[in-house]
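For reference, the structure discussed in these notes is given below.
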Amino acid sequence: MSYQNIETLSWIGDQHGWLRMIDQTLLPAELHEIDCRHVETVWEAIKTLRVRGAPAIGIAAAYGVCVGLQTIPSDADIVEFKRRLHEVVEYLASSRPTAVNLFWALNRMKAKAESFYDSKNIEEIKVALFSEAKAIHEEDRRICRSIGMFGQELLRNGDTFLTHCNAGGLATADYGTALAVFFAATEMGKKIKVYADETRPLLQGSRLTAWELMQRGIDVTLICDSMAAMVMKQGKINGVVVGADRIAANGDTANKIGTYGVAISAKTHNIPFYVAAPVSTFDLTLVDGNSIPIEERDSEEICNGFGKRTAPQGVNVYNPAFDVTPAEFITGIITEHGIISPVNRENIHHLVSTS
Ligand code: MRU
């Protein structure tokens, strides 16, 4: 089965159907889909990174609400419906803390349900929620294309860019954010090369980004995270584009652990560093990046990754899944409405409030 014919996320059937997704933990060895017919399965898929990447997590959670409400009969009491909706939303919100798109999508689903409460017709509310989840999914496709079109203007024919983690079609409905920039540049006829950091400890760069770029015929070179500074010093890199999990009001940006180090290296070597993200990734309730919640994950990911013990039993481990790159390291933020540059509170507020 080729990736071109298979969706990161898809819904099977009408609102009584289920969520299907690529199990990203098996890539690149196996391209395998799993079906999520229960909210617990959706939660587990988000928690264990079967589906990952900020926009994809939001879409999965929106569909997760639909799955979670299927246990409520259409003739149930509206009070019972509201209780269950609250339970499902809180449960899905507990899966991962950093990517704000998860909470953004859940809030959108809650608001949609609330706008129908007067009717007290449970079936009608469920249909409206299903349409909302589909809308979130479809909108993300358009958003990614638009990010790609704005972003590709930053690349010249012959450029080599570096990326970290995976912000591609696997992390979104389709096409990606950071990788959309490369896809769009290629579609515009530019010949580009990409260096992909492997992205310790879960290797989203090597397992997913390198795979996705190769699937689309883009010239990609895989490096270990520790090699990024050297390839920059060697003059091999013209620019960096990464995705984002949450962007504070001043532009401080949380993304996969290691991004901050890449940004420091880029600044040291005078290389432009771009973030590509939809407006749903901005969290204007946070004045700066200090209050972005950073997920800490199991020590086994570092000590026993992919079934191979690589550290002594019982060693102390610190495993934050994300870091925050300060706004002053970011040359521009590529959104579906244009590029924010310079990155500051005023420019962010203007773009987000007029979008
Ligand atoms: O832990 P992950 O794989 O969910 O982390 C993903 C990232 O950090 C991505 O760069 C980010 O979510 C943007 S995806 C378009």
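The values are calculated or read from the model by the stated rules, or taken from the named source; none is laboratory data. On a predicted model such as this, the values are computed, not experimentally measured, just so you know. No Cβ is skipped: glycine too gets one built from the backbone with ideal geometry, and neighbour counts run over all protein chains shown. With ligands, DNA and RNA removed, areas are computed over all heavy atoms of the protein, side chains included. Shrake-Rupley method; radii C 1.70, N 1.55, O 1.52, S 1.80 Å.
Just how many pairs of Lys in region 3-144 have C-alpha atoms closer than 13 Å, counting pairs that are eight or more places apart or on different chains? Could the numbers behind the result be given before it?
Values: 82/110; 82/112; 82/120; 82/126; 110/126; 112/126; 112/134; 126/134.
The result is 8.
Can you give the Rg to Rh ratio of the chain, both from alpha-carbon atoms, with Rh computed by the Kirkwood formula? Could you put the intermediate results ahead of the total?
On the way: Rg = 20.1 Å, Rh = 20.6 Å.
Result: Rg/Rh = 0.97.
Under the rule a/c < 1.5 gives rounded, and otherwise a/b versus b/c splits prolate from oblate, where does region 259-310 land using the Cα gyration tensor? Present the calculation step by step, with values, prior to reporting the outcome.
Working: a/c = 2.55, a/b = 1.41, b/c = 1.81.
It comes out oblate by the Cα gyration axes.
Between residue 107 and residue 230, what length in nm is gained on full extension when 0.36 nm per residue of separation is reduced by their alpha carbon distance? Mind dumping the intermediate values first?
Details: separation 123, 0.36 × 123 = 44.28 nm, distance 4.29 nm.
In short, 40.0 nm is gained.
Mind jotting down the distance between the C-alpha centroids of region 272-286 and region 97-160, whole Å?
15
Using a simple charge model, +1 on the beta-carbon of Lys and Arg, -1 on the beta-carbon of Asp and Glu, nothing else, what dipole does the chain show about its Cα centre, in debye to the nearest 20? Could the numbers behind the result be given before it?
Working: 34 positive and 43 negative charges, 181 e Å.
My answer is approximately 880 debye.
Out of the GluC sites (Glu not before Pro) in region 134-234, which ones are loop residues according to DSSP with at most 10 other C-beta atoms within 10 Å? Walk me through the intermediate numbers first.
On the way: sites: 138, 139, 153, 187, 198, 212; in loops: 153, 198.
Within region 134-234, no GluC sites (Glu not before Pro) qualify (loop, at most 10 other Cβ atoms within 10 Å).
Find the accessible area per residue for region 158-301; the probe is 1.4 Å, ligands and nucleic acids are left out, and the unit is Å².
Values: 4910 Å² over 144 residues.
Here the per-residue accessible area is 34 Å².
Out of the total accessible area of the chain (probe 1.4 Å, heavy atoms of protein only), what percent is carbon and sulfur?
Details: 7700 of 14720 Å².
Answer for the chain is 52 percent, counting heavy atoms of protein chains only.
At 7 Å along Cα-to-Cβ for each site, give me the label-to-label distance between residue 310 and residue 7 in nm.
3.5
Rounded to the nearest 500, what is the 222 nm mean residue ellipticity of the chain from helices alone, with -39500 (n - 2.57) per DSSP H run of 4+ residues and division by all residues? It would help to have the intermediate numbers written out before the result.
Details: 11 runs with 132 residues, N = 355.
Result for the chain: -11500 deg cm²/dmol, rounded to the nearest 500.
Please compute the modelled spin-label separation between residue 319 and residue 353, points set 7 Å along Cα→Cβ, answer in nm with one decimal.
For the pair residue 353/residue 319, the computed spacing is 4.3 nm.
Based on the alpha-carbon gyration tensor of region 209-292 and its eigenvalue square roots a ≥ b ≥ c, which shape applies: rounded if a/c is under 1.5, prolate if not and a/b is larger than b/c, or oblate? Walk me through the intermediate numbers first.
Details: a/c = 2.45, a/b = 1.51, b/c = 1.62.
Oblate, since a/c reaches 1.5 and b/c is not below a/b.
Need the full-extension length gain, residue 301 to residue 270, defined as separation in residues times 0.36 nm minus the C-alpha distance. One decimal, nm.
Working: separation 31, 0.36 × 31 = 11.16 nm, distance 3.34 nm.
Using 0.36 nm per residue and subtracting the Cα-Cα distance, I get 7.8 nm.
Using alpha-carbon pairs under 8 Å, 6+ residues apart, how would you state the relative contact order of the chain in percent? Please report the intermediate quantities before stating the final value.
Working: 721 pairs, mean separation 53.1, N = 355.
For the chain, the relative contact order is 15 percent.
Note down the relative contact order for region 148-354 as a percent, whole number, built from C-alpha pairs under 8 angstrom at least six residues apart.
Numbers: 428 pairs, mean separation 41.8, N = 207.
Relative contact order for region 148-354 comes out at 20 percent.
Of the options 342, 229, 317, report the single residue whose Cα projects farthest towards the positive end of the charge dipole of the chain (beta-carbon charges: Lys, Arg +1; Asp, Glu -1).
The residue sitting most towards the positive pole is 229.
At residue 91 and residue 116, where each label point lies 7 Å from the Cα along Cα→Cβ, what is the point-to-point distance in nanometres?
1.9
Ranked from the most accessible area to the least, with a 1.4 Å probe and all protein chains present, what is the order of 25, 172? Walk me through the numbers on the way to the answer.
Values: 25 55, 172 0 Å².
Ranked from most to least accessible, the order is 25, 172.
Over the chain, what is the percentage of antiparallel beta bridges among all DSSP beta bridges, to the nearest 5? It would help to have the intermediate numbers written out before the result.
On the way: 18 of 37 bridges.
Here the antiparallel bridges make up roughly 50 percent for the chain.
Among rounded, prolate and oblate, which fits region 219-355 when a ≥ b ≥ c are the square roots of the eigenvalues of its C-alpha gyration tensor, a/c under 1.5 means rounded, and a/b larger than b/c means prolate?
oblate
When only DSSP loop residues count, what GluC sites (Glu not before Pro) in region 1-85 have their Cβ near at most 14 other Cβ atoms within 10 Å?
Hits after loop and neighbour filter: 30.
Which value, in Å² and to the nearest 10, is the accessible area of residue 74 when all protein chains are kept and the probe is 1.4 Å?
60
If you place +1 on the Cβ of every Lys and Arg and -1 on the Cβ of every Asp and Glu, how big does the dipole about the Cα centre of region 3-144 come out, in debye to the nearest 20?
Numbers: 17 positive and 21 negative charges, 78 e Å.
About 380 debye.
Can you put 110, 256, 193 in order of accessible area, largest first, using a 1.4 Å probe?
Details: 110 65, 256 15, 193 105 Å².
The most accessible residue leads, giving 193, 110, 256.
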